[in-house]
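The values are calculated or read from the model by the stated rules, or taken from the named source; none is laboratory data. Only a predicted model underlies this, so the values are computations on that prediction, with no experimental measurement involved. Don't worry about glycine lacking a Cβ; one is built from the backbone with ideal geometry, like all the others, and counts go over all protein chains shown.
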């Protein structure tokens, strides 16, 4: 059996699969603040996966972990994760192996999402395509001629830190104007906060008197046809589209898949994204290009991490 773990800025999600990739159990938990708490959560979630399926932990052959980069796969280090400040040259592989006694593989979070989509989504017709994850941050993965492009250190496609406004908002990475400061989940919340100060009487405003403003809340009110929620998502989609248009012009892909938690709102944001991409990409690039939502964005990165674990034991 194999475990795939996706560590995000908000949640840790994990899946237990058999060698063929059949899902046996799925669990998620909140991402804690300290490295000790996060590692304890990882070990607890592995325990919960095994217990829920009556699988002995000695039958778990390997664990794959996807985490925001940059990372050092050779040393098993999280070099820095701007959305998880506790990680700074942190030896997560050594620590989890020591606690669990299991083989642990480390990979960039967007790369595991890419691998998961390659494994589980209908993308075999594409040879050159990109995966984008919209969540607490923005990640990216790239397939060129049916091969994953990793870059020289395994950290390619940190697209969330592509500058879209050279004099823009400060980013925790140390840069400013990064794409994820405008098109991530927290960026949607910032956009909504500014919008709701001007737009009174929204059902979004009514709900946040009793609960926290979140992308999920905005999406739920968009389903209810709230004008403010629909306007927020449309403006948010414009920022997503600007970044995607840049990627289309640079890589000329056959497709870009959109995953991550925010992608659940694809029915509202995809039309606006497609319009921006059509307006801002070069002739000859946009005509044979597809923009597609991932079917199961919650589980896809975990599946990809499990696949990396499975591949590590192949003869």
Fill in: Subset of the stretch 160-170 [under 18 Å from residue 133 (Cα atoms) and assigned to a loop (DSSP other than H, G, I, E, B)]
162, 164
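For every residue, the table says whether it meets (1) under 21 Å from residue 219 (Cβ atoms); (2) modelled with pLDDT under 95; (3) in contact with a strand residue (DSSP E or B) (Cβ under 9 Å, 6 or more places away or on another chain); (4) assigned to a loop (DSSP other than H, G, I, E, B).
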{"residue": "244", "(1), (2), (3), (4)": "yes, no, yes, no"}
{"residue": "253", "(1), (2), (3), (4)": "no, no, yes, yes"}
{"residue": "274", "(1), (2), (3), (4)": "yes, no, yes, no"}
{"residue": "278", "(1), (2), (3), (4)": "no, no, no, no"}
Worksheet item: In the stretch 212-226, what residues are closer than 13 Å to residue 269 by Cα and in a loop (DSSP other than H, G, I, E, B)?
Response: none
Worksheet item: What is the residue count in the stretch 57-81 for residues that are in contact (Cβ under 8 Å) with a residue 24 or more places away in the chain and out of contact with any strand residue (DSSP E or B) (no Cβ under 9 Å at 6 or more places or on another chain)?
Response: 2
Worksheet item: Does residue 28 count as touching a residue at least 12 places away in the same chain (Cβ under 8 Å) and in a strand (DSSP E or B)?
Response: yes
Worksheet item: Would the stretch 284-302 turn up any residue that is modelled with pLDDT of 95 or more, within 19 Å of residue 118 (Cβ to Cβ) and part of a helix (DSSP H, G or I)?
Response: yes
Item to complete: Could you tell me whether residue 139 is outside the structural domain of residue 304 (by TED's automatic domain parsing) and not in a helix (DSSP H, G or I)?
Response: yes
Worksheet, complete the sentence: Taking the stretch 80-124 and keeping residues assigned to a helix (DSSP H, G or I) and out of contact with any helix residue (DSSP H, G or I) (no Cβ under 9 Å at 6 or more places or on another chain) leaves 93, 94, 97, 98
Discussion item. From the list 28, 40, exactly one residue is farther than 18 Å from residue 309 by Cα and in contact with a strand residue (DSSP E or B) (Cβ under 6 Å, 6 or more places away or on another chain). Which is it?
Written reply: 28
Worksheet item: Scanning the stretch 2-25 for residues that are out of contact with any strand residue (DSSP E or B) (no Cβ under 8 Å at 6 or more places or on another chain) and in contact (Cβ under 8 Å) with a residue 60 or more places away in the chain, which turns out surrounded by the fewest Cβ atoms within 10 Å (Cβ to Cβ)?
Response: 21
